[in-house]
1. Given the criterion among the β-branched types (Val, Ile, Thr) and surrounded by 14 or more Cβ atoms within 10 Å (Cβ to Cβ), identify the matching residue among 21, 36.
2. Name the one entry in 31, 24, 18 that is at positive phi and not hydrophobic (A, V, I, L, M, F, W, C).
3. Please name all residue pairs, on different chains or six or more residues apart, with Cβ atoms under 7 Å, provided the first residue is in region 13-29 and is among the basic types (Lys, Arg) and the second residue is surrounded by 11 or more Cβ atoms within 10 Å (Cβ to Cβ) and at pLDDT 90 or above.
4. Of the residues that make up region 2-24, is at least one among the acidic types (Asp, Glu) and either modelled with pLDDT under 90 or touching a Pro at 6+ places or on another chain (Cβ under 7 Å) (or both)?
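The values are calculated or read from the model by the stated rules, or taken from the named source; none is laboratory data. Because the structure is a prediction, the values reported are computed rather than measured. Every residue, glycine among them, receives a Cβ derived from its backbone with ideal geometry; neighbour counts consider all protein chains shown.
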Amino acid sequence: MRVHVISDMEGVSGIVKGPQTSGGAPLYDEGRKLYTEEINA
């Protein structure tokens with residue numbers, strides 16, 4: 001079975017600043033970590 005999950009970073013718990021969703025920004029790694037944790041929960 002294949003499952004495809006489609007999501008975006010806006011609305012993820014802990015994402016409160018725009019730079020957390022913009023690749024290359026200093027806060028992006030933090031946002032990516034929060035996003036991954038929420039998707040895996």
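1. Working: 36 fails: surrounded by 14 or more Cβ atoms within 10 Å (Cβ to Cβ).
Unique residue meeting the criteria: 21.
2. 24
3. 17/27
4. Filtering region 2-24 down to residues among the acidic types (Asp, Glu) leaves 8, 10.
Going one step further and asking which of them are either modelled with pLDDT under 90 or touching a Pro at 6+ places or on another chain (Cβ under 7 Å) (or both), we end up with 8, 10.
Scanning region 2-24, I find at least one residue that is among the acidic types (Asp, Glu) and either modelled with pLDDT under 90 or touching a Pro at 6+ places or on another chain (Cβ under 7 Å) (or both), so the answer is yes.
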